[in-house]
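Below is one structure, written out as structure tokens; the observations come after it.
The values are calculated or read from the model by the stated rules, or taken from the named source; none is laboratory data. Computed from a predicted structure; not experimentally measured. Cβ: placed from backbone, ideal geometry, glycine included. Neighbour counts: every protein chain shown.
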Amino acid sequence: MTEMPAQGDAYRPAEIARLIEGAGVAKAALPAAQMFVLALLAGAFIGFGAAAYTMVMTGADTAYGPARLLGGLVFSLGLILVIVGGAELFTGNALMVMAAVDGRISARQLLRNWGIVYAGNLIGAAGLAVAFGLSGLLDGPMGATAAKIAAAKGALPPVEALVRGVLCNALVCLAVWLTFAARTATGKILAILWPISAFVLLGLEHSVANMFFFPLGWAAGTPADLAAATANLLWVTLGNILGGAGGVALAYRFAYLGPTGR
């Protein structure tokens, strides 16, 4: 039997791997309606973080500088709400691959979760963007920033979008991994802050955040280029899967659970 850490101590990496596999099994078993509602919430939660980032970057250089670090800290609100509040986020669920590889969930269960959660995240994020459009908050400088962000994301070449998606979700899944080490809400919040701040600071691409940024930019007056948004989401989503499922989940599974998953 695995010796558990003393109360207050962090879980060790091998223990984290087993906890994440168990979480993957539980996620796969969620009823579809419950899974979808939790995904709606996660999409909105990431949207709130993205909206706060947009406001922080208003009046600042959105491309470089210390302001982006502050923007990353504020954006971390989204994953904090997902992890501590409880919700289903597509990018974090890339870690479910660990349970699938070890046969604890089927490929069909994995794809069912990803499909339902992705759709829920999209509706939740886009719905929040519509709410911001109706709020009047985009009528001023915040709207100009939102339009600028959406236009820049739509202009990303496919290879750049893919690679930025890979790097982004490696950091997001590492943040989720670190939260499993923590035994308190405070520990989980601190585990989230730096990996998420780093991906925002570096200008990496998160598919669920982009589900909010594009409609927010359109609500602010940017012409709705559905083709550019769809292409961005396609490449960023593929990158997010590769970075999270391959770069983090499978690497840690091999390192700590071994070839047999034990």
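Is it true that I196 is within 30 Å of G24 (Cα to Cα), buried (at least 19 other Cβ atoms within 10 Å of the Cβ) and touching a helix residue (DSSP H, G or I) at 6+ places or on another chain (Cβ under 6 Å)? Taking the combined requirement at face value, the residue satisfies it. Answer yes or no: is there a residue in segment 154-162 that is within 29 Å of A14 (Cα to Cα), surrounded by fewer than 23 Cβ atoms within 10 Å (Cβ to Cβ) and among the charged types (D, E, K, R). Within segment 154-162 (the criterion being within 29 Å of A14 (Cα to Cα), surrounded by fewer than 23 Cβ atoms within 10 Å (Cβ to Cβ) and among the charged types (D, E, K, R)), the answer is no, since none of the residues qualifies.
None of I192, I196, I149 is of a type outside the set (S, T, Y), assigned to a helix (DSSP H, G or I), under 17 Å from G239 (Cα atoms) and touching a residue at least 12 places away in the same chain (Cβ under 8 Å) except I196. Scanning segment 83-122 for residues that are among the acidic types (D, E), over 23 Å from E205 (Cα atoms) and either in contact with a His (Cβ under 6 Å, 6 or more places away or on another chain) or crowded, with 24+ Cβ neighbours inside 10 Å (or both) turns up nothing.
Among helices (runs of 4 or more DSSP H) lying entirely in segment 76-138, which contain 3 or more residues that are under 21 Å from A51 (Cβ atoms) and touching a residue at least 40 places away in the same chain (Cβ under 8 Å)? Show your work before the answer.
Values: elements: 77-80, 97-101, 107-135.
Of the helices (runs of 4 or more DSSP H) lying wholly inside segment 76-138, those with at least 3 residues that are under 21 Å from A51 (Cβ atoms) and touching a residue at least 40 places away in the same chain (Cβ under 8 Å) span 77-80, 107-135.
Name the one entry in L171, L156 that is outside any helix (DSSP H, G or I), touching a residue at least 12 places away in the same chain (Cβ under 8 Å) and either touching a helix residue (DSSP H, G or I) at 6+ places or on another chain (Cβ under 8 Å) or among the β-branched types (V, I, T) (or both).
On the way: L171 fails: outside any helix (DSSP H, G or I).
Going through L171, L156 in turn, the sole match is L156.
Is it the case that segment 213-221 has a residue that's at pLDDT below 95 and surrounded by fewer than 17 Cβ atoms within 10 Å (Cβ to Cβ)? Checked against the condition, which is being at pLDDT below 95 and surrounded by fewer than 17 Cβ atoms within 10 Å (Cβ to Cβ), segment 213-221 yields at least one hit.
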